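The values are calculated or read from the model by the stated rules, or taken from the named source; none is laboratory data. Bear in mind the structure is a predicted one, so any value in this text is a computation, not a measurement. So basically every Cβ, Gly included, is an ideal-geometry build from the backbone, and we count neighbours across all protein chains shown.
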């Protein structure tokens, strides 16, 4: 049943379209949802979807951006909880918990396969690395700190490993003769990845890695 349309501000319409898109994409996958279905779910005219977002890929990108914002806010919360110095294990925990959501993972993979999303600027990721760097500098107070390039490399390796494991980890474990459903394998991967990232983060500054 199509929701009854009501008068709403442009901001409300846009927010409700994003919410409807996130819900439908999560339920059906990005390839099985149309702009018309999203408009009907939000109770707005079909033309408003293209007015606000232009294309379906652009709308999915907006949904994914909102999801990424939530992830990065969780990392910021972890930074605040750890008084400005996030441990590798802490950030990996946030990432792996997020990537356990198959809805988000399907959305991420779909977006990466579309040319108008690949290579898109992510200023919020730059801001997150800024926050990590500032927290490390404040906590170490004049002692040697990892370089910006080292911090960025750790972020890139951590993201690549976490997303890669979420997408292909079960297949790879099965191919190695392990039980892909055994949570101990993911737990061990998290520990080893966090350990390696921690060592790499601090090796150029001569500090001891944090857990």
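Can you tell me which residue is surrounded by the fewest Cβ atoms within 10 Å (Cβ to Cβ) among those in the range 138-151 that are in a helix (DSSP H, G or I) and modelled with pLDDT under 80? Full working, then the answer.
First pass over the range 138-151, keeping only residues in a helix (DSSP H, G or I): 138-140, 148-151.
Pick out the ones that are also modelled with pLDDT under 80 and you get 138-140.
Details: 138: 12, 139: 14, 140: 14.
Only one residue tops the list, namely 138.
Go through 186, 133 for me and flag whichever is under 27 Å from residue 111 (Cα atoms), in the same structural domain as residue 113 (by TED's automatic domain parsing) and out of contact with any strand residue (DSSP E or B) (no Cβ under 7 Å at 6 or more places or on another chain). I'd like the intermediate steps shown before the answer.
Working: 133 fails: under 27 Å from residue 111 (Cα atoms).
After applying the criteria, what remains is 186.
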> Residue check: is residue 3 surrounded by fewer than 17 Cβ atoms within 10 Å (Cβ to Cβ), modelled with pLDDT under 85 and over 29 Å from residue 192 (Cβ atoms)?
Replying inline: yes
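Residue under question is residue 154, and the condition is that it be part of a loop (DSSP other than H, G, I, E, B) and at pLDDT 80 or above; does it hold?
Numbers: part of a loop (DSSP other than H, G, I, E, B): no; at pLDDT 80 or above: yes.
No: the conditions fail for residue 154.
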